[in-house]
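Since the structure comes first, as structure tokens, the remarks are kept for the end.
Derivation of every value follows stated rules applied to the coordinates shown; laboratory data play no part. Note that this is a predicted model, so its numbers are computed, not measured. Note: ideal-geometry Cβ built from the backbone for every residue, glycine included; neighbour counts use all protein chains shown.
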Amino acid sequence: MKEKQRSTLSISTLVHFLSWILAIQLIFDFHGLFYSFQGLFHPEEPFFDEAFLLIPLMLILFYGNSHFLIPKFISRQKVLVYFLILIVSLLAFMAIGYGSYLIFTQAGFYFGMDDVELLDSLLVSWVLTIGVSSSVGLVKLVRENHELRKKAEKEQKRAELKYLSEQVNPHFLFNTLNAIYSLSSEENAPKTTEAILLLSEIMRYPIKEGKHEKVKLSNEITFIQKYIDLQRIRLGNEYPISFRIEGEEKDFDVAPFLFIPIVENAFKYGISKTDFTEVNVVFHFGVDEFSLRVSNSYQDRTTKMSEKFGLLNLRERLELIYPEKHELEIQETQEKFSVSLSIKS
């Protein structure tokens, strides 16, 4: 992978270098620039070609726009801020170019154009550079977004397959069906029916919703709630499991299977066979964001929980799907483990 990235970078650098060589030749002519360079050292009348002002300014403007401004503002849909910065860049471009012109003329150099012609050249150079660099930056942005989308889809498929495989894992089914069998021996029907229904709905959800890029947050919450209800049946109603929703519910669209790794971790590593350890699950709705907070007593201290299950994979998925729009916090103490995930809509 690193070799491929280095190869791509080398090819990109070469393409940029050759493109600038061609552009400078077409606009300024290397033959003329060579003689202009000699004119800098003329003992009586040193000549300063405006190209020596324009080329450095164009290079800075080109890469500042294509590699910084467009990724930072256009990709985040801050179009108005972007255009305001372009106006500032125009003023700075003109001021630096004209200021340099005044400095060199006062130092005894002469130019092949007057003040007005230089200002016209600066304006045309700025327009040309912004036009080309914006095209390059936007193409680069579209290509990178396409690659990120492909990678995100691949990661989502992997998460779906992993979740499905773990749910049909014999160990999971054995434990769950064992609990259902115990209930059926104790009483005739209601809890057993409920447990079987919950299990079937939990197993059906990945198949039904997992193929979609986005699902309704309400569906994800319902899925989590049914998973918790099934755990309550398995552990007993006396077991201290808390589930609540805070704030005014809004139906955001989210990527599927973002929350289940966090909730599953709590039950996988926070449940004790001897003590009633608490598990708390809270969904919170804000103005333009929602969050999930899960905390549980820390039963297994031999390995960091963040490395035990899917939290590292979850972090990677979040970076792909919600870059700079999420916050995942993991806190560990000797007795408690908590995870907080917030996502901006």
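Summarising the amide proton neighbourhood of Thr277: residues at separation of 5 or more, or on other chains, whose placed amide H is nearer than 5 Å comprise Ser272.
Could you compute the FRET efficiency for Asp253 and Gln334, with r as their C-beta to C-beta distance and R0 at 41 Å, rounded to 0.05?
Values: r = 39 Å, r/R0 = 0.95.
Step by step, r from the Cβ atoms, then E = 0.60.
In terms of the mean number of neighbouring beta-carbon atoms within 10 Å, the peptides 87-100, 129-142 order highest first as 129-142, 87-100. When the pairs Lys226/Lys336; Lys150/Lys226; Lys216/Lys325; Lys78/Lys226 are compared against a 28 Å limit on Cα-Cα distance, Lys150/Lys226; Lys78/Lys226 fall above it.
Measuring r between the beta carbons of Glu246 and Leu59 and using R0 = 45 Å, the FRET efficiency lands at 0.30.
Stretched out fully, how many nm does the piece from Leu141 to Ser75 gain, at 0.36 nm a residue minus the Cα gap? Mind showing how you got there, number by number?
Values: separation 66, 0.36 × 66 = 23.76 nm, distance 0.73 nm.
This chain segment gains 23.0 nm when fully extended.
Highest mean packing first, where packing is the average number of other Cβ atoms within 10 Å per residue, the peptides 239-246, 60-67 line up as 60-67, 239-246. Between the amide H of Phe252 and those of Leu217, Ser218, distances stay under 5 Å, these residues lying 5 or more places away or on another chain, with hydrogens modeled in the peptide plane. Label sites at Gln106 and Phe276, each approximated as a point 7 angstrom past Cα along Cα to Cβ, lie 8.4 nm apart.
Give the peptides 287-296, 116-125 in descending order of average Cβ contacts within 10 Å, highest first. List each step's numbers first, then the result.
Values: 287-296: 17.9, 116-125: 15.2.
Ranking, from highest mean packing down: 287-296, 116-125.
Computed extension length for Phe83-Glu153: 21.9 nm, one decimal, from 0.36 nm per residue of separation with the Cα-Cα distance subtracted.
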